[in-house]
Amino acid sequence: MSPVRRGPARITAPEAAARTGHAPAGGAPGGAVLVDVREAREWCAGHAPGALHLPLSVLAADADVLPEARGRLLVVVCRSGNRSRQAAELLTARGADAVDVIGGMRDWVRAGLPVVDQRGEEGTIA
């Protein structure tokens with residue numbers, strides 16, 4: 001009987017903020033990289049400051065992890081948590097250490113965490 005393989009871990013938006021240095025209290029960077037897998041229109045409307053953009057559609061087409069994220073914990077986020085779950089599974093299958101954010105950017109905003117648009121001004125979640 002083979003062992004049951006579990007998917008990547010799931011964390012809350014506040015846990016993601018703590019691991020990536022976005023904590024409201026201004027905590028030090030946690031060493032993890034926030035990777036936003038939403039599409040360009042969603043990213044431009046609003047994303048977490050300092051997040052890396054790697055759309056799921058690009059990742060699914062066998063794109064490599066961005067160089068600045070290699071060898072680090074990847075905290076994967078989308079709008080609601082569905083695409084980030086898929087992306088975390090793809091990344092884990094490729095050997096990366098990845099977790100996904102339950103509730104995505106919707107829960108990020110509900111937790112009072114920062115969101116900026118493509119110009120660096122206050123953004124919204126599309």
Output yes when any residue across the range 2-18 is loosely packed, with under 12 Cβ neighbours inside 10 Å, β-branched (Val, Ile, Thr) and modelled with pLDDT under 95, and no when none is. yes
Name the residues in the range 46-86 that are among the β-branched types (Val, Ile, Thr) and open to solvent by 20 Å² or more (accessible area, probe 1.4 Å), would you? VAL58, VAL65
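State all residues of the range 89-121 that are part of a helix (DSSP H, G or I) and either open to solvent by less than 70 Å² (accessible area, probe 1.4 Å) or among the aliphatic types (A, V, I, L, M) (or both); if no residue qualifies, say none. Don't jump to the end; show me each part of the working.
Step one: list which residues in the range 89-121 are part of a helix (DSSP H, G or I), which gives 89-93, 104-110.
Answer for the range 89-121, where residues must be part of a helix (DSSP H, G or I) and either open to solvent by less than 70 Å² (accessible area, probe 1.4 Å) or among the aliphatic types (A, V, I, L, M) (or both): LEU90, LEU91, THR92, ALA93, GLY104, MET105, ASP107, TRP108, VAL109.
The values are calculated or read from the model by the stated rules, or taken from the named source; none is laboratory data. Predicted model only: the values in this text are computed from it and were never measured. Cβ coordinates were reconstructed from backbone atoms using ideal geometry, including for glycine residues, and neighbour counts include every protein chain displayed. What goes into the accessible areas is simple: the full protein's heavy atoms, side chains included, and nothing from ligands, DNA or RNA. Shrake-Rupley method; radii C 1.70, N 1.55, O 1.52, S 1.80 Å.
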